[in-house]
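Below is one structure, written out as structure tokens; comments come after it.
The values are calculated or read from the model by the stated rules, or taken from the named source; none is laboratory data. Note that the structure is predicted; figures quoted are calculated from it, not measured. Virtual Cβ from ideal backbone geometry, glycine too; neighbours counted across all protein chains shown.
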Amino acid sequence: MNIKPWLKTVRVRFLLASIISVSIGLAVALWKGYAIDIAYALLTYAGVIALHASVDLLNDYWDYRLGIDKATRRTPFSGGTGVLPENILKPESVYKAGLIMLVIGAIIGLYFVAVRGFMIAVILAFAVVSVYLYSTNIVRVGLGELFVAVKGAMIVLGTYYVQTAEVSIEPLYVGVIAGVLSSTVLFMNSFPDYNADKASGRRTLVIALGLERASRVFIAFPILAYILIIVGVLSSIMPIYILLSFVALPYALHAYRTLLKEYNNSDVERLIPSMSSTVIFSRVTGIIIALGFLIATIFR
């Protein structure tokens, strides 16, 4: 079996967002003085990656069924993977693979429910339901960014809880920041798909706002992330080293400036620099947050 089309369908590069969120949860646990259970950590990575892959597989399937993939111009960051319109994989196979990944993630989650209890059950129930409904319901009513933000928070909090069996303000607070970073990427990547999404009946946040207003609103996502970081450091919820994340600010500003110029351009390739800078901003900021907790742990 040729594995390359499947790796393309699960959008391997975007799995990094979930990997970073798990890493942040583990780093917070270390910073709080807990030892890391390696087996639990690896299972957490596996379960979260499976659920993330399920979202991408099912999204590709439903975008194909709704005709969105046929109407979009693909870029490295948007417009689907192209494996279904190009008949590289069969729609039924992609749908089944999405369900299999969902079941794998759920099974791993159920194991943690057995060993950690009710809190993980709540997080797992949210994850399974929202993963399955994401492409058919959530993004159709403009809740995609909210879902992604909550997902990021739940991944960080869930990872922390698996390791510590306790709820704490720090992982929840940092999880919100991780969620905002992921929402920033989703919001930006909705611009090239505006016409196709609108024609299919979807109502993404960009569609709800309109292109011009949405282009101005974009900068609110990075601003919110940095406000939360500053408040978190000042209130000792996070260590001061996380302020190093401001090195990623130029990428957010570049994305914003380019978006203001190109948001209504019929050539979606003109938006690629904005999308690329947004991804770099999000990933670099997330990685520095995780490293900030690790540095603080080492020099405690």
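Within region 125-177, the set of residues being free of Cβ contacts under 8 Å to residues at least 60 places away in the same chain and in contact with a Pro (Cβ under 9 Å, 6 or more places away or on another chain) comprises A153, Y161.
Residues in region 79-96 that are closer than 19 Å to L15 by Cα and either surrounded by fewer than 19 Cβ atoms within 10 Å (Cβ to Cβ) or modelled with pLDDT of 95 or more (or both): G82, Y95.
For the criterion of being among the small types (G, A, S), more than 16 Å from the chain's Cα centre (by Cα), surrounded by 15 or more Cβ atoms within 10 Å (Cβ to Cβ) and modelled with pLDDT of 85 or more, A114 fails. The C-beta contact set for region 231-245 (first residue under 15 Å from W31 (Cα atoms), second residue outside any helix (DSSP H, G or I), distance under 8 angstrom, 6+ apart or interchain) comprises G232/M238; V233/P239. For region 132-155, a residue qualifies if it is crowded, with 16+ Cβ neighbours inside 10 Å and within 19 Å of I107 (Cα to Cα), and the qualifying residues are Y132, K151, M154, I155.
Within region 31-45, residues that are surrounded by 13 or more Cβ atoms within 10 Å (Cβ to Cβ) reach partners that are of a type in the set (A, V, I, L, M) and assigned to a loop (DSSP other than H, G, I, E, B) with beta carbons closer than 9 Å, at six or more positions or on different chains, in the pairs W31/M238. From the list V122, V174, V129, the one residue that fits, being β-branched (V, I, T), surrounded by 22 or more Cβ atoms within 10 Å (Cβ to Cβ), out of contact with any His (no Cβ under 8 Å at 6 or more places or on another chain) and assigned to a helix (DSSP H, G or I), is V174. Right, A106: touching a residue at least 60 places away in the same chain (Cβ under 8 Å), touching a helix residue (DSSP H, G or I) at 6+ places or on another chain (Cβ under 7 Å) and farther than 24 Å from S200 by Cα or not? It is false that A106 is touching a residue at least 60 places away in the same chain (Cβ under 8 Å), touching a helix residue (DSSP H, G or I) at 6+ places or on another chain (Cβ under 7 Å) and farther than 24 Å from S200 by Cα.
Residues that are under 23 Å from N195 (Cβ atoms) and of a type outside the set (A, V, I, L, M, F, W, C) number at least 1 in the following helices (runs of 4 or more DSSP H) confined to region 1-111: 38-65, 68-71. Do we have V206 as closer than 25 Å to A125 by Cβ and among the β-branched types (V, I, T) here? No, not satisfied.
Evaluating I68 against the criteria (1) touching a residue at least 40 places away in the same chain (Cβ under 8 Å); (2) surrounded by fewer than 20 Cβ atoms within 10 Å (Cβ to Cβ) leaves one unmet condition, (2).
Residues in region 1-30 that are over 24 Å from V279 (Cβ atoms) and surrounded by fewer than 23 Cβ atoms within 10 Å (Cβ to Cβ): M1, N2, L30.
Filtered by the rule that a residue be among the polar types (S, T, N, Q) and without any contact (Cβ under 8 Å) to a residue 40 or more places away in the chain, region 71-94 gives N87, S93. If only residues of region 156-171 that are buried (at least 21 other Cβ atoms within 10 Å of the Cβ) and of a type in the set (V, I, T) are counted, the one that is farthest from E212 (Cα to Cα) is V162.
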